[in-house]
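The values are calculated or read from the model by the stated rules, or taken from the named source; none is laboratory data. Everything numeric here is computed off the predicted structure, so don't read it as measured data. FYI the Cβ positions are ideal-geometry reconstructions off the backbone, even for glycines, and counts take in every protein chain you see. Areas reflect the complete protein model, heavy atoms only, side chains present, ligands, DNA and RNA absent. Shrake-Rupley method; radii C 1.70, N 1.55, O 1.52, S 1.80 Å.
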Amino acid sequence: MKFLHTADWHIGKELGAFSLLSEQWQAFRQMVTIAEDEAVDGIIIAGDLYDRGIPPLSAVEAFEDMARIMNLEHHWPIYAVSGNHDGAVRLGAGREWRETTSFYLHTTLAEAFEPVELADTQIFMLPFLDPLDARIYYQMSDEESRDYTSIEAVMARIIPDLVAKFKPGKHHILVTHYNVIGTGNISYELTSETNSQVGGLKGVPASLFADFDYVALGHIHLRQASPTDTNRYAGSPVKFNTKEAQAEKGVYIVEVGDTVTVKWRPIQPVKDLIVIKGTFSEITAPAFYEQYARDGANWFSISLTDFPDVRNARGILTTIYGDIVEVNYVGQNAQ
């Protein structure tokens, strides 16, 4: 079976004061082309479909159109979970009719124990949960609940119960949305969710997922944060902040058979995010700014190493560069 693994679409997100919807559509169209070229058997979306629990109408319409293109026009099954940015209850509405077209979107712990059964593969979909959700599902007593206040403890309870659902002779894929820690990212600085916790919850050790052939992860927006070779973050398809500005975006093509093969396919930004730094006089010099495509061709994050002795410095910069996401003063000693 061959799958396209993506995550963290965050439909409806803004970059500074700018909507990213156009860029998200452009990334999606590239994704569809990749899926066609690779002749995939399905699309995995590992959480954070939307950027907020109650997304704006424009975001809902965009995602529904994207889902229609994938699922109804191209007839690709979709295997998705809700992430910590999603409104799980709202996403869960309409599950029954969606699954008639092989659009599987799991938003509750109970659904995680209902794998999608393919000819040679079981796909488990475990959405983002708070430990309280697990304590309620397992109907824990107050005394028992004291041992299940961390996400690591909760996962240590859930994962063996998922593994118990394994059918011999089949491959096993898990789609989930957490901060997973392994040998590949034990010292990695998380740059996309601003801290080392997922939704306020500590990381989960990758060793818990050792029985799965492949774990399609969401939450961290950079693939470089993948904890192991078979536990991978696809990252977001669009750059969402300046810490991601230098990162290549894309998707994974995952083929699960006797072995697991993973191939990276990049997505090229049509409108890029460019980070520049210097004194006001330096970055307003034609020899400096003419090296960049401007006038709406790119976004700019500007870091000033001095306080400009002019009025309306941002207005001047906007006239030169066009779409400026932010202007920060970082000081002369900033690296």
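Structure data summary
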item	result
Condition met for A35 (open to solvent by less than 10 Å² (accessible area, probe 1.4 Å), in contact (Cβ under 8 Å) with a residue 24 or more places away in the chain and farther than 24 Å from D213 by Cα)	no
Evaluation of D213 against (1) open to solvent by less than 10 Å² (accessible area, probe 1.4 Å); (2) at pLDDT 95 or above (one fails), failing number	(1)
Residue identified as under 30 Å from A206 (Cα atoms) and at pLDDT 95 or above among G257, G250	G250
Options F240, F307, F280, F288; residue that is among the aromatic types (F, W, Y) and in contact with a Phe, Trp or Tyr (Cβ under 7 Å, 6 or more places away or on another chain)	F307
Contacts under 8 angstrom Cβ, first residue in the stretch 111-122 being of a type in the set (S, T, Y), partner modelled with pLDDT of 95 or more and open to solvent by less than 50 Å² (accessible area, probe 1.4 Å), 6 or more apart	T121/K170; T121/H171; T121/H172; T121/I173
Residue count for the stretch 1-52, restricted to those that are β-branched (V, I, T) and part of a helix (DSSP H, G or I)	3
Hits in the stretch 251-264 (condition: open to solvent by 60 Å² or more (accessible area, probe 1.4 Å) and either in a strand (DSSP E or B) or among the acidic types (D, E) (or both))	E255, D258, T261, K263
Residue that is within 20 Å of L109 (Cβ to Cβ) and either out of contact with any Gly (no Cβ under 7 Å at 6 or more places or on another chain) or surrounded by 15 or more Cβ atoms within 10 Å (Cβ to Cβ) (or both), where the choices are G42, G53, G47	G47
Single unsatisfied condition, I220 versus (1) in contact (Cβ under 8 Å) with a residue 40 or more places away in the chain; (2) assigned to a strand (DSSP E or B)	(2)
Count of residues meeting criterion [touching a Gly at 6+ places or on another chain (Cβ under 7 Å) and basic (K, R)] in the stretch 258-313	2
Count - residues of the stretch 99-147 that are basic (K, R) and in contact with a helix residue (DSSP H, G or I) (Cβ under 8 Å, 6 or more places away or on another chain)	1
Some residue of the stretch 183-205 being within 22 Å of L49 (Cβ to Cβ) and either among the basic types (K, R) or at pLDDT 90 or above (or both)	yes
Filter result (open to solvent by 20 Å² or more (accessible area, probe 1.4 Å) and closer than 22 Å to N179 by Cα) within the stretch 90-112	T108, A110
Residue that is least open to solvent (accessible area, probe 1.4 Å), among those in the stretch 277-326 that are of a type in the set (K, R) and touching a residue at least 24 places away in the same chain (Cβ under 8 Å)	R294
Qualifying residue in the stretch 233-241 (condition: within 19 Å of Q30 (Cβ to Cβ) and open to solvent by 20 Å² or more (accessible area, probe 1.4 Å))	yes
Residue among F3, F63 that alone is open to solvent by less than 20 Å² (accessible area, probe 1.4 Å), aromatic (F, W, Y) and within 19 Å of P266 (Cα to Cα)	F3
